[in-house]
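These notes are about the structure you will find just below.
The values are calculated or read from the model by the stated rules, or taken from the named source; none is laboratory data. The structure displayed is predicted, hence computed values, not measured ones. Here Cβ is always computed from backbone atoms with ideal geometry, including for glycine, and neighbour counts include all displayed protein chains.
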Amino acid sequence: MFITVENLKKSYQAGESKNEVLKGISLTLEKGQTGVILGPSGSGKSTLMNIIGGVDRADSGSVSVDGMELTALSDDRLTDYRRDSVGFIFQFYNLVPNLTVTENIELVSNISKAPLDMDTVLNAVGLEMKKRSFPRELSGGEQQRVAIARAIVKNPKLLLCDEPTGALDYETSHGVLSLLQKVNRGFGTTVLMITHNTAIGDMANVVYKLRGGEIVEAIRHEETAAAERIEW
Amino acid sequence: MVLFKKVIRTMLEHKARYIGSMLLLMISSMMFITMNLTSMNLDNMFRKFSERNALSDAEFSTDAYIDAAAFGRQFSAKVEGGGTADCKVKPGQTLRVFSAMDEVNVPAVQEGKLPGSSEIMIDRPFAQTNGYRIGDKITIAGRKFTVSGYALLPNFIYVIKSKEEMMNDSTAFGIAVVGKENFETLPGGNRVYAIRFDDRENIKSQEASVKNALRSQGIQITKWQSTARKVNVSYIPMEINVLSTMSATVPLAMLALACALLGMLMWRTIKSESVVIGTFYAQGYRRRQLRRHYLTFPLLISIIGSVIGSALGLLLVNSELRFMLTAFPMPVYETILNPWLVVFAVVLPVIVLCGVTWWIIGRTLKTAPAVLMKGGETKGEVNFLERSLRLDHSGFNTKFRVREQVRSLSRTFFLLFGVVVATMLMLYGLTMKSSVDYMLGEGISELYDFKYEYVFTLVKTGAPPAGTEQFNAAYVSLADNEDISFYVTGVLPDTEKVRLKDASGQSFQPEQTTITATLAQKLNVKSGDSVTVFDTENGKKHTFTIEKIADTYAGDFLFLPLDRFNAEFGYPAGAYLGIWSGKAMTFAEGEIQSTKSIDAVVAGLGKMIDQMGPMVYGLIAAAFLLGLIILYIVTGLVVDESRTSISLMKVFGYRKKEIGKLVLDSNTLIVVLGYLLGIPALLGTAGAFFASLTESLQVVLPVKLNVLYMLFGFIVVMLTYEFAKWMCRKKVARVPMSEALKAGTE
């Protein structure tokens, strides 16, 4: 199993009250698969993804990615894990506004052990003509493509996508989802996506529905739908 | 009131920025008030002392008695005869005793009373250093006197034995005043006449007329000392000039820095609060209410900064003045406190800072509330420089740092300007030291190959003493500007005592009309040009065509072959006024008008350099503080403005060191550039400044900065930068990864 999460718990202290965000989550995802975590706002899906991405730490339970037990890693090793193994894609792209497309991608390739060729990546996301543009000069869809290029340039084992189409219109969302599917199939990258768009679940091998910090349903698809065919 | 609370909270959130701005303003106002009031008071004291105690325009000695009253009437001047005598008090201790004058160079009493019979007034530093109090007895040249008070003399304000000494040693030299009858009883006295013209214009021409008149009466002038060239007096206007130049430029540079900093901070505050402004706007707040709210920031900072600074400045005036008066003792009439100066020191920063903020907020308030609520129009905008930069072939780290700099041009210019000012401040004292060092090493010691210069009372002919070399000289002023004066010196064409070289370093003999490079620069002449001067002795005009320029900084000279000099100035062939010697010589009494020891000149300048130590270190400390404030604020701004990028880098797996290298080091280029630009800016400013001192200093200071000092300055600047970065490192560490996860930068 590529990702194994067992009995994961996480809570936050807010003043005197304690907010239990994850109440013993367990899930698995195989290498090269696409997983989707579905849930409404406040269900704990972002917290779960942050822990799997090595950005946050759990209170208890275990998280293993590619055989690496994340809960046992020191801060420095966790940094190495994010650096070498994980690609991040955010809802609002998080591009650095004063860096060009190429430079935004270089922000990650700069610290990667074996980054992919820049032209190959730009070609893969269809932005070879925009490589000197600044984020402001791009549409929302193009900006998300840059974010995808930035995430895949290090050739990560795991691609974590936080609401990747949350800020995009229907047409553009299809383009971005198709690109993610292409990356998943072309590079064999394991993709874990969080969204509240249930339709996106059709393109995943496994869908976990989260509510109130608990998994209420796990759905496994024998066959996944092509991204362009998904309707919502 | 609610909005005012917001101002205070915003300021407390960014304490370093606002305290930094206040500090800059405080320093600026403090320096402005202290330096201006000190120079104003010194100037006032000097003027009043000169007028009330009738400072002479010249002092001279003759070989015959002059009817001073008649002579005064003839030239519309006050003329009075008096005398001076250098008397031994103890071994190695000399008092220059002046006879008390009634009309010209009237002594002032600092404490005690004017001397009666067998009484003497001495200068306070000499008295204090050597333990004499009013009422004590002092034996001078075998005669006992009672100290009646402490004396101040308008013609001997800066107490130094000779101009070569530069700094006085009160244990070895002082001045004293005795009544005229008592003076006659002292041995070795010289009769000296002092003259003060009623017409206060064209003093040099009037001096020349007096000299001509004396000669026409068959009276020989054995010594003539113009007050404008007497260091005991001329140092005071020079010091006032230095202070008033500094009091205008240094505080204004600081104020400009404070304005740039606060303008930049306000720009950022308003930009970052565009959502808040939009919301206020949408809820019905009027433009003027919002404008008033944002003007509270500069108003508070400028008023607090400038009022505290001005108050500190006022407190420091007396100490500064007292310090200056220990070097230049003068009567204290009253301390001038110009209230307009304080008003100006407070109002100017308020107007400038509020004006800058008014303009910035005006621009923002023109934007529609809906746009403001979305974060404003400028979010993510790329400026022309960012767009035109092509960095394809550079490494990512370089690209990132360059982009950080061009992202905020105002921040970059502020940093650049700040480092330039700090560099200039730090290296100013060191430049002065280098320049004096250079003048000593490369100027005087290079030019002269002798130890002593003796100037005779009367022109001589015939062979000079063995081992010496003769010269003749005339002190001349430019025909069309009598403020520019210099020596025309006649030297042997095959001289061995004066070593000249041209700009390429090639030695040459003064066989032609040769001018020193500094004088050529001052007169704006080159080879082939003519210079017309008048002899300050007799007013006769002479025109010289420049044939060669000598590359030396030893002074303002025009060299002629001796024969040509004698023919031009009407001396018999072979005549000479002085000799240069490799060893000390003795002469008959009255034979020598003046003696100059090159070693004494060098030692005097060396002493001056030693005395500059505290000033040099003080300036370095001030520059360090200023640099630290600027670098800390700018580095802090870079961190604040890069929070999302820093957070993002942490998410991507950047290590602390890597983030530090990218973000904190992004200013390195500008700091180095600022330092490099600061050097020529300093040298240019110092050049203009030194040129203004030339007349009073009687030496030409070349502007030089030793490479080692440059390196030292660079190390200090980089250490300050590293310190500022170290202080900001915690700020970087505090940026959480959640910042990137929760919000998008675009």
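Before moving on, here are some points about what is shown:
- When segment B:213-253 is limited to residues that are closer than 30 Å to B:MET424 by Cβ and among the hydroxyl-bearing types (Ser, Thr, Tyr), the one that is surrounded by the fewest Cβ atoms within 10 Å (Cβ to Cβ) turns out to be B:THR249.
- Scope segment A:139-161; condition more than 9 Å from chain B (Cβ to nearest Cβ) and outside any helix (DSSP H, G or I); matching residues: A:SER139, A:VAL153, A:ASN155, A:PRO156, A:LYS157, A:LEU158, A:LEU159, A:LEU160, A:CYS161
- Among residues of segment A:90-104 that are more than 7 Å from chain B (Cβ to nearest Cβ), those with a beta-carbon under 6 Å from a residue that is polar (S, T, N, Q) at least six positions away or on a different chain give the pairs A:VAL101/A:SER133.
- Qualifying residue in segment A:179-191 (condition: more than 14 Å from chain B (Cβ to nearest Cβ), touching a helix residue (DSSP H, G or I) at 6+ places or on another chain (Cβ under 9 Å), farther than 22 Å from A:GLY32 by Cα and in a helix (DSSP H, G or I)): no
- Condition broken by A:PRO164, with the remaining ones in (1) part of a loop (DSSP other than H, G, I, E, B); (2) touching a strand residue (DSSP E or B) at 6+ places or on another chain (Cβ under 8 Å); (3) closer than 30 Å to B:SER388 by Cβ; (4) not small (Gly, Ala, Ser) satisfied: (3)
- Filtering segment B:291-337 to residues that are within 18 Å of B:ILE240 (Cα to Cα), over 25 Å from the mean Cα position of the chain (by Cα) and not acidic (Asp, Glu) leaves only B:TYR333.
Here is a yes/no grid of residues against (1) in contact with a Lys or Arg (Cβ under 8 Å, 6 or more places away or on another chain); (2) surrounded by 18 or more Cβ atoms within 10 Å (Cβ to Cβ); (3) small (Gly, Ala, Ser):
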position: A:SER139; (1), (2), (3): no, no, yes
position: A:ALA151; (1), (2), (3): no, yes, yes
position: A:ASP162; (1), (2), (3): no, yes, no
position: A:LYS182; (1), (2), (3): no, no, no
position: A:LEU192; (1), (2), (3): no, yes, no
position: A:ALA199; (1), (2), (3): no, no, yes
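- Unique residue being within 30 Å of B:GLY309 (Cα to Cα), surrounded by fewer than 21 Cβ atoms within 10 Å (Cβ to Cβ) and at pLDDT below 95 when the list is B:ASP63, B:ASP43: B:ASP43
- Residue among B:THR495, B:THR536 that alone is outside the structural domain of B:SER434 (by TED's automatic domain parsing) and under 31 Å from the mean Cα position of the chain (by Cα): B:THR536
- Restricting segment B:438-490 to residues that are in contact with a helix residue (DSSP H, G or I) (Cβ under 9 Å, 6 or more places away or on another chain), hydrophobic (A, V, I, L, M, F, W, C) and over 19 Å from B:ILE592 (Cβ atoms), the residue that is modelled with the highest pLDDT: B:VAL488
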